[in-house]
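The structure under discussion appears below in the form of structure tokens.
The values are calculated or read from the model by the stated rules, or taken from the named source; none is laboratory data. From a predicted model like this one, the values you see are computed outputs, not experimental measurements. Cβ sites come from the backbone with ideal geometry, for glycine too, and all protein chains shown count toward neighbours.
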């Protein structure tokens, strides 16, 4: 069974229909890329998966989404958000609290640790997994706002990893990073996918081609084509898909 | 995760939800508590005030007659209303005239060190104890009065008095307490207020618009005051209206500048104001005067509310 | 002569500043900045000069002693300073929670249609004339607190703790109602400035709304400080409302908030009408004004320092 099953998902913002009847299966321990031109609904779908869409009261959602067979809309939302973490396009640590505190906040809020030593161990391990530990270990108490853009994004990854999540949602995570940091983050994802499920939104087809195992192409709120990345890129069955992956559609 | 830790986390979640409800409830309670007194105050003032106006002779009498002595049965706030209107108008005009350019200065020229000094100065003055401002104007007034009258106002008023009988009411040698000192005190209170709002109105002009304004306008003067006028005028107008409402209600700065007057009198001498009458009459032991204080408060409140509502609708 | 020169030169100065705006804009604008800085300097200097007679006669005693005896021309303002501190402390302690409550209520709890109205109500409270607050305090709040506090104290300690409806506590509560909108306006602004991406991140880590509100308040920490200092300055300077309910205890020193007292600003307001009749009272009042001014400048300086240092 797929990790996440999306059935007939429709989302509208007021009069604007953003997605119309999306069906998708996200397999476990792999990277699934959602790609498509701006406005095709990719970020919206992502925000349904951890019910962050509920922050937008104008959004109306219908359809079903299952995580390991459970309907996420019936689940305890706090638990859902512990199991399904998200990384955003613009790095968004809380700048006036410390690097350590940024990673620890989620753990403390959700009462996931029972001692200060356990807290420290988990924060350290998350920062190590995010390949940031060596760069910050001597200044854990410094404000997070002082880090560079690439470091801040890896801090956000660490913050997500601290939860030991089952699914990691990434909304164009390297769009604001330079090529060097982009490469670091991509390598990180390739390493981490062995332990968790990734859903990666990207507006840059070569990125999908580089690191994803499965790719879904969205156009104007609908899934046009979806399958193993190699197939989607080399033998697309739809004309639109072919145009998009060869860079003629944006 | 084991079943046991799973259950522990579930229990914690339930606890967090309870805290969520209690916490938000507390915030809501505190927020409402901040606003509830307003209703009590407005209710109290209007209930007793309208009653007062009726018992003292009705609205027209109240707005034009002289205030009641302790033994009268009717009276009004005529002289005070005139004083308030005159001083507030002067204070507001001058306050905007100086406050607006000042606001442009500290809002637009932020890179200059002096502008930041001026901004700090404005921040200090904006909620300065208004009685201190009144005291300052009083001090300057007492120092300047004699020479001012001898060298400037005396000759001036003799020169223009042939123009009409109304002249001595406005221009002439000044007493220690007069309407113009009051107006100056009000101006000093209004200036920082207008300046700060103007500054933030200019500061919130987005970069692309500002660049376009400078590019198309030629001279900087045109860019700031002509092209960007539309973008900031709403905020500045609101500031002007709210500032006027604020100074119309001020009492302390007038205590030693205008001082107050029970009679219609020239603006060159002690002048009454509605808030001054409320202050004075509320603290007397005479019922009729206490009642008239409520009437005056109702009139004052109506003026303020009107300006406030206009500002909210236009803004 | 000095005062005369000042007044006479002022109007041409301002006219020149205006003219300069048209010719060389930046120089013209700078004049307005200079005007405000000069005003503050002049104000402080004026108070020094006016207070000088009593400082010359008594030294710093006028700032350190508590007495008000016009007949013997003996004055000290420490009881007023204490009153200012106590009433401001009570006011701020009550106002800050309410201001935080306003910010969270508007931003997190109220539906869109009510946000505007609620905000306007808070702003209206700030625009209300202080003398009307005083009037209400004199005839409604004072007696009410007198009853309530004494009922509670009779229950707890068997005695009436508030001797009169007009005490430092009454003034403190009235001030709290008056200064809350000032702190609330600043905190609201900071709270609303929390960026959407940060808000999303906070909820994505599984925070409840209340927890998210607390984190956002932490993010807007600087604005909370700003609101605190603004409200504090306002409380310390408020005159007429306090004068009408504080009890007018000019000479006795007290630290009991349930007793009548006096603050520096209300001392000035209530005693000035008498002051012309005495030789040293006017300078004494100006000494009080000077103290208040210096206090206010100091607090503003501290505020600027804290807020600047807290900026990342």
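Just to be sure I understand, how many residues within segment B:145-179 are buried (at least 21 other Cβ atoms within 10 Å of the Cβ) and part of a helix (DSSP H, G or I)?
The total comes to 1.
Conditions tested, residue by residue: (1) modelled with pLDDT of 90 or more; (2) surrounded by fewer than 24 Cβ atoms within 10 Å (Cβ to Cβ); (3) facing chain C (nearest Cβ under 7 Å); (4) more than 30 Å from residue B:58 (Cα to Cα).
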residue	(1), (2), (3), (4)
B:71	no, yes, no, no
B:90	yes, yes, no, no
B:95	yes, no, no, yes
B:111	no, yes, no, yes
B:115	no, yes, yes, yes
B:123	no, yes, yes, yes
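Would you tally the residues in segment A:63-82 being assigned to a helix (DSSP H, G or I) and under 16 Å from the mean Cα position of the chain (by Cα)?
So the count comes out to 3.
Would you mind finding the one in B:269, B:249 that is over 21 Å from the mean Cα position of the chain (by Cα) and more than 15 Å from residue B:69 (Cα to Cα)? Outline the logic, then answer.
Details: B:249 fails: over 21 Å from the mean Cα position of the chain (by Cα).
Only one candidate passes the filter, namely B:269.
Only one of B:32, B:12, B:45, B:36 is buried (at least 22 other Cβ atoms within 10 Å of the Cβ) and within 12 Å of another protein chain (Cβ to nearest Cβ); which?
Answer to the check: B:45.
Counting residues that are out of contact with any helix residue (DSSP H, G or I) (no Cβ under 6 Å at 6 or more places or on another chain) and within 30 Å of residue A:132 (Cα to Cα), which strands (runs of 3 or more DSSP E) fully inside segment A:172-250 reach at least 2? Show your work before the answer.
Working: elements: A:197-202, A:214-219, A:222-228.
It comes to A:197-202.
Can you find a residue in segment C:73-88 that is surrounded by 20 or more Cβ atoms within 10 Å (Cβ to Cβ), closer than 30 Å to residue B:223 by Cα and in contact with a helix residue (DSSP H, G or I) (Cβ under 7 Å, 6 or more places away or on another chain)?
no
Give just the number: which of (1) within 14 Å of chain C (Cβ to nearest Cβ); (2) surrounded by fewer than 21 Cβ atoms within 10 Å (Cβ to Cβ) does residue B:52 not satisfy?
That leaves (2) as the condition not met.
Can you report the number of residues in segment C:42-76 which are under 20 Å from residue C:274 (Cβ atoms) and within 14 Å of chain B (Cβ to nearest Cβ)?
Qualifying residue count for the region: 4.
Take residues that are buried (at least 24 other Cβ atoms within 10 Å of the Cβ) and in contact with a strand residue (DSSP E or B) (Cβ under 8 Å, 6 or more places away or on another chain) and tell me which of the helices (runs of 4 or more DSSP H) falling wholly in segment C:201-312 contain 1 or more.
Those helices (runs of 4 or more DSSP H) span C:264-275, C:281-309.
Could you list, in sequence order, all residues of segment A:193-225 that are surrounded by fewer than 18 Cβ atoms within 10 Å (Cβ to Cβ) and closer than 21 Å to residue A:83 by Cα?
Those that are surrounded by fewer than 18 Cβ atoms within 10 Å (Cβ to Cβ) and closer than 21 Å to residue A:83 by Cα: A:194, A:195.
Can you tell me which of (1) surrounded by 24 or more Cβ atoms within 10 Å (Cβ to Cβ); (2) over 23 Å from residue B:65 (Cβ atoms); (3) modelled with pLDDT of 90 or more is the one residue B:232 doesn't meet?
So residue B:232 meets the others, but not (3).
Mind checking which residues of segment A:92-126 are farther than 21 Å from residue C:221 by Cα, within 13 Å of chain C (Cβ to nearest Cβ) and free of Cβ contacts under 8 Å to residues at least 24 places away in the same chain?
Initially, segment A:92-126 is screened for residues farther than 21 Å from residue C:221 by Cα, giving A:107, A:110-126.
Restricting the remaining residues to those that are within 13 Å of chain C (Cβ to nearest Cβ) gives A:107, A:110-112, A:126.
A:111 - this is the single residue of segment A:92-126 that is farther than 21 Å from residue C:221 by Cα, within 13 Å of chain C (Cβ to nearest Cβ) and free of Cβ contacts under 8 Å to residues at least 24 places away in the same chain.
Can you give me the number of residues within segment C:1-27 that are at the interface with chain B (Cβ under 7 Å from one of its Cβ atoms) and over 18 Å from residue B:184 (Cβ atoms)?
Of the residues in that region, 5 qualify.
Being more than 12 Å from chain C (Cβ to nearest Cβ) and modelled with pLDDT under 95, is that true of even one residue in segment B:272-280?
Looking through segment B:272-280, at least one residue is more than 12 Å from chain C (Cβ to nearest Cβ) and modelled with pLDDT under 95.
Working only within segment A:226-250, note down all residues that are surrounded by fewer than 20 Cβ atoms within 10 Å (Cβ to Cβ), free of Cβ contacts under 8 Å to residues at least 24 places away in the same chain and within 24 Å of residue A:21 (Cβ to Cβ).
A:227, A:228, A:231, A:237, A:238, A:239, A:240, A:242, A:243 - these are the residues of segment A:226-250 that are surrounded by fewer than 20 Cβ atoms within 10 Å (Cβ to Cβ), free of Cβ contacts under 8 Å to residues at least 24 places away in the same chain and within 24 Å of residue A:21 (Cβ to Cβ).
Can you tell me which of (1) at positive phi; (2) more than 14 Å from every other protein chain (Cβ to nearest Cβ) is the one residue A:135 doesn't meet?
Single failed check for residue A:135: (1).
Answer yes or no: is there a residue in segment B:151-160 that is closer than 29 Å to residue C:45 by Cα and facing chain C (nearest Cβ under 9 Å).
Within segment B:151-160 (the criterion being closer than 29 Å to residue C:45 by Cα and facing chain C (nearest Cβ under 9 Å)), the answer is yes, since at least one residue qualifies.
Checking residue C:245 against (1) over 18 Å from residue C:63 (Cβ atoms); (2) over 15 Å from the mean Cα position of the chain (by Cα); (3) facing chain B (nearest Cβ under 10 Å): exactly one of these is not met. Which one?
Of everything listed in (1) over 18 Å from residue C:63 (Cβ atoms); (2) over 15 Å from the mean Cα position of the chain (by Cα); (3) facing chain B (nearest Cβ under 10 Å), residue C:245 misses just condition (3).
Could you tell me how many of the residues in segment C:42-55 are surrounded by fewer than 21 Cβ atoms within 10 Å (Cβ to Cβ) and either assigned by TED's automatic domain parsing to the domain that holds residue C:281 or in contact with a helix residue (DSSP H, G or I) (Cβ under 9 Å, 6 or more places away or on another chain) (or both)?
Going residue by residue through segment C:42-55, those that are surrounded by fewer than 21 Cβ atoms within 10 Å (Cβ to Cβ) are C:42, C:44-45, C:48-49, C:52-53, C:55.
Among the residues that remain, those that are also either assigned by TED's automatic domain parsing to the domain that holds residue C:281 or in contact with a helix residue (DSSP H, G or I) (Cβ under 9 Å, 6 or more places away or on another chain) (or both) are: C:42, C:44, C:48-49, C:52-53, C:55.
Residues meeting the conditions: 7.
Looking at segment A:144-153, can you tell me whether even one residue there is buried (at least 20 other Cβ atoms within 10 Å of the Cβ), within 23 Å of residue A:212 (Cα to Cα) and in contact with a strand residue (DSSP E or B) (Cβ under 8 Å, 6 or more places away or on another chain)?
Looking for residues that are buried (at least 20 other Cβ atoms within 10 Å of the Cβ), within 23 Å of residue A:212 (Cα to Cα) and in contact with a strand residue (DSSP E or B) (Cβ under 8 Å, 6 or more places away or on another chain), one finds at least one in segment A:144-153, hence yes.
It is to be established whether one or more residues within segment C:213-222 are more than 10 Å from chain B (Cβ to nearest Cβ) and farther than 23 Å from residue B:26 by Cβ.
Within segment C:213-222 (the criterion being more than 10 Å from chain B (Cβ to nearest Cβ) and farther than 23 Å from residue B:26 by Cβ), the answer is yes, since at least one residue qualifies.
Consider residue A:112 against the criteria (1) crowded, with 18+ Cβ neighbours inside 10 Å; (2) within 21 Å of the chain's Cα centre (by Cα): it satisfies all of them except one. Which criterion is unmet?
(2)
Only one of A:85, A:89, A:152 is under 21 Å from the mean Cα position of the chain (by Cα), within 14 Å of chain C (Cβ to nearest Cβ) and in a helix (DSSP H, G or I); which?
Within the list A:85, A:89, A:152, the selection yields A:152.
Looking for whichever is part of a helix (DSSP H, G or I), without any contact (Cβ under 8 Å) to a residue 60 or more places away in the chain and within 14 Å of chain B (Cβ to nearest Cβ) here; the options are C:179, C:132, C:106. Which one fits?
C:132
Select from segment B:297-314 the residues that are more than 19 Å from residue B:236 (Cβ to Cβ) and more than 9 Å from every other protein chain (Cβ to nearest Cβ) and write down the one among them that is surrounded by the most Cβ atoms within 10 Å (Cβ to Cβ).
Looking at the filtered set, the residue picked out is B:299.
(1) buried (at least 22 other Cβ atoms within 10 Å of the Cβ); (2) in a helix (DSSP H, G or I); (3) in contact (Cβ under 8 Å) with a residue 12 or more places away in the chain: which one isn't true of residue B:67, the others all being true?
(2)
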